[in-house]
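Beneath this line is the structure, given in C-alpha cells, with notes to follow.
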Amino acid sequence: MRIQSIENVLKPYQTELLNHTLYSKIDDISHLKTFLNYHSFAVWDFMSLLKALQNKLTCTNVPWVPVGSPDTRYLINEIVLAEETDINSDGCRQSHFEMYLDAMKDLGADTSQIHSFINNLSVSETIFETIDKSQLNEALKDFLNFTFEVALAGKPHEIAAAFTFGREDLIPSMFTEILKNFQKNMPECNINKLLYYFERHIELDEDEHGPMALKMIEELCGNADKKWAEVEATSKLALEKRIKLWDAIETEIMTKQVALQI
C-alpha cells in the first residue's frame, strides 16, 4: 500500500519531532509564551494550505460546475468549515487561528508580532516580500517560505502532502499532555483556552479528517509513481522545516534562560 510506504519513510522524522528536546524546555510561563509566539505563525499559515486545496479541488468560481471527487470536495469543505468557523470554548463561532490568539492573550503572551506581520500583507506585493522584510527568526522565515511556495506553486497532490503529512498529526495530542502537566505545576496560569484548542484538533483529526485526508492523497496520486515520489519529497521537506523551527524555538528559550542567569 502506497500510503503505508510513505508513512514508513516519514516515521524517523515524526519520531524526531515527537522526541524533540524542546518540549522539556517549556517548563515556565515565559518559555510557553516563546513557543506560542512562534507557533502562532504555523497555525496561521496552515489556512493558506487549506485554501489552496479548496481552490484546486473544489469549484470556487462563478458559474459553478462540479469538480473532482465528491468525497474530496466534502473533506476540504468540512475542514474549512471547522477551521474557519468552529465553536470556541465560549460557545461562539471563531476560526482556530483566532482561538489561538485569544488563548495567547489569556496567558499574557504578546501577539503583536503575528498581528504586525498580517497587517504588512496589505502593503507588500507578495507574501514572500512580507516574509523577507520581516524581523522574524530565519528558521521561521524558511518555514513560511516553504508553506507558500507549496501553496502557490505546488501541484494538488504536493499541497495535499504538506497538508496531510507535514502538519500536526502528532503535535496536538502531545502538547495536550504537556499542557496538563504544566497546569498541575502552575495552576495560576489560565491555559483553558489553549487546552481547548489542542483538544479540539485531536477530536476533529483523529475520527474523520485524518483518514479522509489519506484517502484524498490516494485519489490524487492513483497509480502515478511520479506523483507518489513528489508526495514523499514534499512531506519530508515539510517535516524537516518543522524540526528546524522547533530547533530555533529551543535555541531562543535557552538563550533567554542563560541571559537571565548572567
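The values are calculated or read from the model by the stated rules, or taken from the named source; none is laboratory data. Owing to the predicted nature of the structure, the values given are computational and were not obtained by experimental measurement. As a convention, Cβ positions derive from the backbone with ideal geometry for all residues, glycine included, and neighbour counts pool all protein chains shown. SASA here: full protein model, heavy atoms, side chains in, ligands and nucleic acids out. Shrake-Rupley method; radii C 1.70, N 1.55, O 1.52, S 1.80 Å.
Brief remarks on what is shown
- Here the stretch 111-224 has 49 percent of its accessible surface on carbon and sulfur atoms, given a 1.4 Å probe and all protein chains in place.
- The packing ranking of peptides 194-204, 178-188, highest mean first, is 194-204, 178-188, where packing means the average number of other beta carbon atoms within 10 angstrom of each residue.
- Rolled with a 1.4 Å probe across the full set of protein chains, the surface gives Leu49 an accessible area near 0 Å².
- For the pair the stretch 234-249 / the stretch 197-212, the C-alpha centres are spaced 21 Å from each other.
- Using C-alpha pairs under 8 Å with a sequence gap of at least 6, the mean separation divided by the residue count of the stretch 139-262 gives a relative contact order of 45 percent.
- Read-out semi-axes √(5λ) of the Cα gyration tensor in Å, derived from the coordinates shown; its label in (1) 25, 21, 19; (2) 54, 21, 19; (3) 30, 20, 20: (3)
- Within straight-line cross-link reach of Lys180, aspartates and glutamates at Cα separation under 15 Å, skipping those fewer than 8 residues along the same chain: Asp27, Asp28, Glu188, Glu199
- One chain, two ends: Asn77 and Lys215. Fully extended at 0.36 nm per residue, the span grows by 48.2 nm beyond their Cα-Cα distance.
- Sequence of Tyr23, Tyr100 from largest to smallest accessible area, 1.4 Å probe: Tyr23, Tyr100
- The chain: relative contact order in percent, alpha carbon pairs under 8 Å with at least 6 residues between: 30
- 0 to 90° range, to nearest 10: angle between helix 70-85 axis and the chain longest Cα axis: 20
- Between Glu84 and Ser124, the contour length at 0.36 nm per residue exceeds the Cα-Cα span by 12.0 nm.
- In the context of the full set of protein chains, residues of the stretch 1-128 present 49 Å² of accessible surface per residue (probe radius 1.4 Å, heavy atoms only).
- With a simple spin-label model that places each label point 7 Å from the Cα along the Cα-to-Cβ direction, the separation between Asp110 and Ala259 comes to 0.9 nm.
- Radius 9 Å from Cβ of Lys227, net charge of other residues (Lys, Arg +1; Asp, Glu -1): -1
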